[in-house]
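The values are calculated or read from the model by the stated rules, or taken from the named source; none is laboratory data. Predicted, not measured: the structure shown is a model, and the values here were computed from it. Ideal geometry is used to build each Cβ from the backbone, glycine not excepted, and the neighbour counts take in all protein chains shown. Ligands, DNA and RNA are stripped out before the accessible areas are found, and what is left, the full protein with its side chains, is counted by its heavy atoms. Shrake-Rupley method; radii C 1.70, N 1.55, O 1.52, S 1.80 Å.
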Amino acid sequence: MHYLSGNTVPPVAGSATGLLEPVARDTQALYFQRCTWCGTAVYHRLLCPVCRGSDLRTERSTGTGTVRHSTVVNRNSPAARNVSLVEMREGFVVRGRVAGPPIGVHGGDRVRLSMAKDPVRGEPVFHLFDEAYGAWN
C-alpha cells in the first residue's frame with residue numbers, strides 16, 4: 001500500500017495554508033474565515049474554536065453589525081477613544097473602534113464598516129448606522 005506524504009498534496013484554496021497566499025482583495029473590506037466542517041464564522045484564526053478544524057474558507061463580510069460591548073480608553077492616546085466588540089451579521093465578533101464621541105456608543109447600537117484598518121492601530125473602524133436616531137435612546 002502506498003501512502004502520500006503531506007508535502008506532495010497541493011494546498012487547497014481557502015484552507016488554512018491557503019490563507020497566506022497573495023490574493024487581490026479589496027483593502028477597504030473586512031474578511032473573515034468560515035469553517036467548512038461546522039460552518040462557524042471566525043475572525044483571524046488558524047483553527048475553528050468549535051470543532052478544531054483547520055479547513056477555513058475566507059469570505060468577505062457585508063460590513064454591518066451590532067455593538068455588544070463598548071468601553072472608553074484613555075491610555076496610549078492623546079484623547080479618549082472607544083474600544084468596542086462588534087458582532088458582525090455573519091456571526092463572528094471583531095474588536096474595533098466606532099467613530100464619533102466615545103461616550104455615545106452603547107451596546108445594541110447598529111454599526112457599519114468605515115475602514116477595514118485604522119492606519120494607526122490596524123483595527124477596523126465603524127460608524128453608527130442609525131446616528132440620526134441616537135437621541136431617542
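Which of the following residues is under 12 Å from the mean Cα position of the chain (by Cα), of a type outside the set (Phe, Trp, Tyr) and within 25 Å of THR40 (Cβ to Cβ): THR66, THR62?
THR62
Which condition breaks for GLN28 when tested against (1) under 15 Å from the mean Cα position of the chain (by Cα); (2) over 18 Å from GLY91 (Cα atoms); (3) assigned to a strand (DSSP E or B)?
(3)
Restricting to region 100-112, count the residues that are open to solvent by 30 Å² or more (accessible area, probe 1.4 Å) and under 18 Å from the mean Cα position of the chain (by Cα).
Summing the residues that are open to solvent by 30 Å² or more (accessible area, probe 1.4 Å) and under 18 Å from the mean Cα position of the chain (by Cα) in region 100-112 gives 4.
Being assigned to a helix (DSSP H, G or I) and of a type outside the set (A, V, I, L, M) is the filter here; which residues of region 77-136 pass it?
Once the filter is applied, which keeps residues that are assigned to a helix (DSSP H, G or I) and of a type outside the set (A, V, I, L, M), region 77-136 yields PRO102, GLY104, GLU131, TYR133, GLY134, TRP136.
Tell me the residue from VAL94, VAL42, VAL83, VAL50 that is of a type in the set (A, V, I, L, M), at pLDDT 90 or above, within 25 Å of VAL111 (Cα to Cα) and over 11 Å from the mean Cα position of the chain (by Cα), please.
None of the others qualify; the one that does is VAL83.
May I ask you to verify whether GLY53 is assigned to a loop (DSSP other than H, G, I, E, B) and either among the small types (Gly, Ala, Ser) or under 15 Å from VAL94 (Cα atoms) (or both)?
Judged against the criteria, GLY53 is a match.
Residue check: is ARG121 modelled with pLDDT of 90 or more and either of a type in the set (Ser, Thr, Tyr) or within 19 Å of the chain's Cα centre (by Cα) (or both)?
no
Among the residues of region 73-99, count how many are on the phi < 0 side of the Ramachandran plot and open to solvent by 70 Å² or more (accessible area, probe 1.4 Å).
Count: 7.
Cβ-Cβ distance below 6 Å, separation of 6 or more or different chains: which pairs start in region 63-81 with a residue that is free of Cβ contacts under 8 Å to residues at least 60 places away in the same chain and end on one that is of a type in the set (D, E, K, R)?
Sorted first by the residue in region 63-81, then by its partner, the pairs are GLY63/ARG112; THR66/GLU87; THR66/ARG110; VAL67/ASP109; ARG68/GLU87; VAL73/ARG81.
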